[in-house]
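The values are calculated or read from the model by the stated rules, or taken from the named source; none is laboratory data. For clarity, every value in this text was computed on a predicted model and none was experimentally measured. Because the Cβ atoms are built from the backbone with ideal geometry, glycine has one as well, and the counts that use them run over all protein chains shown. Surface areas here come from the heavy atoms of the whole protein model, side chains and all, with no ligands, DNA or RNA. Shrake-Rupley method; radii C 1.70, N 1.55, O 1.52, S 1.80 Å.
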Amino acid sequence: MSTDSVYLDSNATTPPLPEVVEAVMSGLSEHWANASSSHAMGQSSRQVLAQARGHVARFLNCKPAEVVFTSGATEANHMALRGAVGFNGRHRLVLSAGEHAGVRKLADSLEARAGVVLGWIGLTPEGGLDVRHAAELITDEVSLVSVMAANNETGVLMPIGEMARLAHAQGALLHVDATQQVGKLPFDFGRCGADLVSVSAHKFGGPKGVGALIVRQGLNWPALFQGSQERGRRGGTENLPGILGMAAAAQSHTLPVDAWMQRATRVGALRDQLEQGLMARLPGTVVYGIGQPRLPNTSYLRFGMLHADVVLQRLEQLGVMASSGAACSSSGQEPSAVLRAMGVPRAEALCAIRLSLSPATTHEQVQYVLHGLPQALAPLMEAPAGLSAPTVSPTGVFA
Ligand code: PMP
């Protein structure tokens with residue numbers, strides 16, 4: 001990334017913190033022995049692995065024994081959903097229609113191949129969970145309810161406590177994909193009511209390719225990969241460099257509540273400044289999920305009917321890194337499933353882009369975007385009818 005770039009894609013990934021780079025390096029250069037080896041070097045690796053587990057547990061307020069290290073949130077989500085098939089003799093899963101694409105696709109494949117029956121909780125037009133719909137779907141035949149803590153595109157926070165109550169009242173378990181909340185707002189496993197929680201290190205300053213499934217103590221959860229590591233819950237030689245990096249990131253985010261609030265308030269103020277400024281300068285700007293409890297760093301918006309590809313192209317020219325929300329829509333062919341579930345028409349959904357800030361985002365960067373983007377987009381938005389959305393789309397996907 002050029003030093004002049006403005007990185008507003010923190011929901012896609014975050015840069016590794018300096019202490020994370022150091023910890024990964026120590027995993028590669030010092031603690032490279034296999035943590036399962038019985039010799040002294042293996043014991044040393046085992047010891048740092050145990051320390052790392054402790055740091056991650058402290059950060060998430062769970063017990064060290066509840067942490068199962070994985071290759072990331074995708075694997076953790078797979079472990080949660082696959083493990084739920086047949087749990088308590090039940091074969092029904094209930095998910096939200098706004099889940100991450102990896103979860104939705106996995107659920108579809110379980111339905112096709114494993115005889116699972118799916119129930120999809122709808123989203124409200126504001127991007128929240130339709131709790132009444134959830135209550136209808138969660139019956140005593142459901143083994144697992146799976147919802148995100150915060151949506152990766154809109155940033156809208158989901159009512160986890162409510163979902164835990166609904167699930168547990170029917171003898172079902174609750175899995176929470178907390179990938180986007182962890183590192184942006186405090187997340188407390190002990191208090192959230194979930195039985196299983198997925199997290200990913202690279203979303204909070206850690207390395208890619210490492211994450212965890214937190215499994216509530218007492219739940220004998222099946223492994224995806226057989227082997228003796230992770231107490232038989234995840235076979236395969238531990239990725240110690242990655243795990244040490246994740247632990248370093250966890251330590252740097254283990255903050256007192258007031259420090260969290262300070263950070264979230266500062267990031268939220270910059271995000272609000274950005275949104276308000278864009279709405280004022282570019283009439284026709286729509287912010288999805290505005291007014292809902294949201295992650296403080298996330299803004300999901302469209303500028304009139306300008307196609308996301310066009311907006312991202314202009315942002316790129318300004319040196320601003322951003323995304324259209326869902327990776328699958330970055331080709332411009334498929335609109336965001338989250339927006340579609342919110343009832344947003346396809347043509348509008350194809351216009352949405354996501355700006356996701358971080359604690360490193362500065363006031364100057366926000367001012368830079370507020371100055372440059374309206375200049376770049378206003379002439380396009382003012383184009384006479386007939387010359388607007390369809391003709392400015394480079395992919396021509398608007399029929
Ligand atoms: N769940 C959510 C909500 C995510 O945003 C992501 C990453 N985009 C994942 C799961 C997948 O995480 P990972 O990259 O660790 O596999």
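Couple of notes before you dig in:
- S26 under 30 Å from V366 (Cα atoms) and open to solvent by less than 60 Å² (accessible area, probe 1.4 Å): no
- R271 meets each of the listed conditions (1) open to solvent by less than 10 Å² (accessible area, probe 1.4 Å); (2) in contact with a Pro (Cβ under 8 Å, 6 or more places away or on another chain) apart from (1).
- Residue count, the stretch 109-156 (criterion: under 20 Å from A76 (Cβ atoms) and under 20 Å from the mean Cα position of the chain (by Cα)): 10
- Each residue in the stretch 289-329 was checked for being open to solvent by 10 Å² or more (accessible area, probe 1.4 Å), more than 16 Å from the ligand (Cβ to nearest atom) and touching a residue at least 60 places away in the same chain (Cβ under 8 Å), and 11 pass.
- Filtered residue count, the stretch 60-75, keeping only those that are of a type in the set (S, T, Y) and in a helix (DSSP H, G or I): 1
- Hey, Q375 at pLDDT below 95 and open to solvent by 30 Å² or more (accessible area, probe 1.4 Å) or not: no
- For the stretch 78-105, a tally of residues being within 12 Å of the ligand (Cβ to nearest atom) and open to solvent by 10 Å² or more (accessible area, probe 1.4 Å) returns 6.
- Exclusive hit being outside the structural domain of E153 (by TED's automatic domain parsing), farther than 24 Å from K203 by Cα and not hydrophobic (A, V, I, L, M, F, W, C), set Q317, Q273, Q292: Q317
- Lone unmet requirement of (1) open to solvent by 10 Å² or more (accessible area, probe 1.4 Å); (2) away from the ligand (no atom under 16 Å from the Cβ); (3) in contact (Cβ under 8 Å) with a residue 40 or more places away in the chain; (4) not in a loop (DSSP other than H, G, I, E, B) for E126: (4)
- Flag if V197 is out of contact with any helix residue (DSSP H, G or I) (no Cβ under 6 Å at 6 or more places or on another chain) and crowded, with 24+ Cβ neighbours inside 10 Å: no
- Criterion (within 16 Å of the ligand (Cβ to nearest atom) and open to solvent by 30 Å² or more (accessible area, probe 1.4 Å)) met by exactly one of L137, L157: L157
- Filtered residue count, the stretch 208-233, keeping only those that are surrounded by fewer than 24 Cβ atoms within 10 Å (Cβ to Cβ) and either within 13 Å of the ligand (Cβ to nearest atom) or assigned to a loop (DSSP other than H, G, I, E, B) (or both): 17
- Only listed residue being in contact (Cβ under 8 Å) with a residue 40 or more places away in the chain and out of contact with any strand residue (DSSP E or B) (no Cβ under 7 Å at 6 or more places or on another chain), chosen from A65, A40, A33: A65
- For R104, the criteria (1) within 18 Å of A73 (Cα to Cα); (2) touching an Asp or Glu at 6+ places or on another chain (Cβ under 7 Å); (3) charged (D, E, K, R) hold in every case but one, which is (2).
- Options D188, D130; residue that is closer than 21 Å to A101 by Cβ and charged (D, E, K, R): D130
Let's see how each residue does on (1) part of a helix (DSSP H, G or I); (2) assigned by TED's automatic domain parsing to the domain that holds L174; (3) not polar (S, T, N, Q):
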position: S38; (1), (2), (3): no, yes, no
position: S45; (1), (2), (3): yes, yes, no
position: R58; (1), (2), (3): yes, yes, yes
position: N77; (1), (2), (3): yes, yes, no
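- If only residues of the stretch 62-77 that are more than 19 Å from the chain's Cα centre (by Cα) and open to solvent by 10 Å² or more (accessible area, probe 1.4 Å) are counted, the one that is nearest to the ligand (Cβ to nearest atom) is C62.
- Only listed residue being assigned to a loop (DSSP other than H, G, I, E, B) and either more than 22 Å from L60 (Cβ to Cβ) or at pLDDT 95 or above (or both), chosen from G242, G205, G268, G277: G205
- The lone exception for W260 - which of (1) modelled with pLDDT of 95 or more; (2) under 19 Å from the mean Cα position of the chain (by Cα) it fails: (1)
- Within the stretch 165-190, restricting attention to residues that are open to solvent by less than 10 Å² (accessible area, probe 1.4 Å) and farther than 24 Å from A247 by Cβ, the residue that is farthest from the ligand (Cβ to nearest atom) is A172.
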